[in-house]
Amino acid sequence: MIARGVMLGPDQPVILHMLDIPPAAESLNGVKMELVDAAFPLLKGVVATTDVVEACTGVNIAVMVGGFPRKEGMERKDVMSKNVSIYKSQASALEKHAAANCKVLVVANPANTNALILKEFAPSIPEKNISCLTRLDHNRALGQISERLNVQVSDVKNVIIWGNHSSTQYPDVNHATVRTPAGEKAVRELVADDAWLNGEFITTVQQRGAAIIKARKLSSALSAASAACDHIRDWVLGTPEGTWVSMGVYSDGSYNVPAGLIYSFPVYCQNGEWKIVQGLSIDEFSRKKLDLTAEELSEEKALAYSCLS
């Protein structure tokens, strides 16, 4: 997708830097061979390496897909401690070797907290340049609404994912609309089923990743890659007028979310920068959901920081 211009547009040449762990060096080289064989016009070079310094040198955009997955019998603290050490070393390499205005997207879980650790250990990268992926959840919410209403997914906009990329996230349709022949209509009005929107819809989006693992015995691949491309494309090239997307970004206290967490907000992007959409009304049901996921992120943050000592 990146080599085809899906991420940065059809006119932007790219050099791909691909980093993997030493045991995967051979298969990584196989990926490089395939990229060469595909003869992508926009692909001006491929660096396939197991050396973090070589991978980070001069990069303008870093998509961090590597992390340590939770295995059976592992406590959250064990997973956190593994990821803290991974993100500490990646952060140091980006800090020293990436391009000055490098944009970073963290995909690997726990994504919000991994992004926070990365921010901690790459102090010269501006906090506005470090984000985590909740666009997959955002796209899942769009998909569920489009299926429920039997409309094109491109006609649905402005759903919101609040909070953590975990099962406490809050998929919110209170401000979402659908383009219809009679003009834009509110999703809540068209669905006309609050019990579904406040119940099954939320849990389906929250647990979609687990459902995919159950179905294909592997975690989301295509949808996650596509969402990462969407996230970076909108961040770099801008969101359409009147449309917002969900990004895990550094909280400034908006919507009474504790400052200093990486939290998913509705954002719009222009000139390569994101801004949190302000002034949206939050009802009591939503307020509880926003606070619950913030609480989980505060606990994760405390756990991550305890792994640093």
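The values are calculated or read from the model by the stated rules, or taken from the named source; none is laboratory data. Since the structure is predicted, the reported quantities are computational estimates derived from the model, not experimental observations. FYI the Cβ positions are ideal-geometry reconstructions off the backbone, even for glycines, and counts take in every protein chain you see. The accessibility values were calculated without ligands, DNA or RNA, using every heavy atom of the protein model including side chains. Shrake-Rupley method; radii C 1.70, N 1.55, O 1.52, S 1.80 Å.
Quick notes on this structure:
- Placing a pseudo-label 7 Å from each Cα along the Cα-to-Cβ vector at Ile15 and Lys77 gives an inter-label distance of 4.5 nm.
- Charged neighbours of Met18, selected by a Cβ distance under 11 Å, balance to -1 (K, R count +1; D, E count -1).
- The largest-to-smallest principal axis extents of the Cα set in the chain are 53, 48, 39 Å.
- Net charge of the neighbourhood of Thr57, taken over other residues with C-beta under 11 Å away and scored Lys/Arg +1, Asp/Glu -1, is -1.
- Rounded if a/c under 1.5, otherwise prolate or oblate - region 224-309, Cα gyration tensor axes: oblate
- Take the Cα of Ser89, step 7 Å toward its Cβ, do the same at Asp283, and the gap between the two points is 4.9 nm.
- Per-pair calculated FRET efficiency, R0 = 30 Å: Val65 and Glu273 via Cβ, rounded to 0.05: 0.80
- Estimated from helices alone, the mean residue ellipticity of the chain at 222 nm is -13500 deg cm²/dmol (sum of -39500 (n - 2.57) over DSSP H runs with n ≥ 4, per residue).
- Once the chain from Lys217 to Trp196 is taken as fully extended at 0.36 nm per residue, the excess over their C-alpha distance is 4.8 nm.
- Per residue, the solvent-accessible area of region 134-307 (1.4 Å probe, heavy atoms of protein chains only, all protein chains present) comes to 45 Å².
- Shape category assigned to region 202-267 from the gyration tensor of Cα positions, a/c cut at 1.5: oblate
- A 1.4 Å probe over all protein chains sorts His175, His97 by accessible area into His97, His175, starting with the largest.
- Entries in Lys82/Lys128; Lys157/Lys275; Lys77/Lys157; Lys82/Lys214 that, when Cα-Cα distance is taken, lie over 27 Å: Lys77/Lys157
- Prolate/oblate/rounded call for region 134-307, Cα gyration tensor, a/c under 1.5 rounded: rounded
- Dipole of the chain [Lys/Arg +1, Asp/Glu -1 at C-beta], most positive-end residue of Val178, Gly248, Ala210: Ala210
- Excluding exposed DSSP-loop trypsin sites (Lys or Arg not before Pro) (at most 12 other C-beta within 10 Å), longest clean stretch of the chain: 72-216
- Selection among Thr57, Val46, Val36 by position relative to the dipole of region 1-83 gives Thr57 as farthest towards the positive end (Cβ unit charges, Cα centre).
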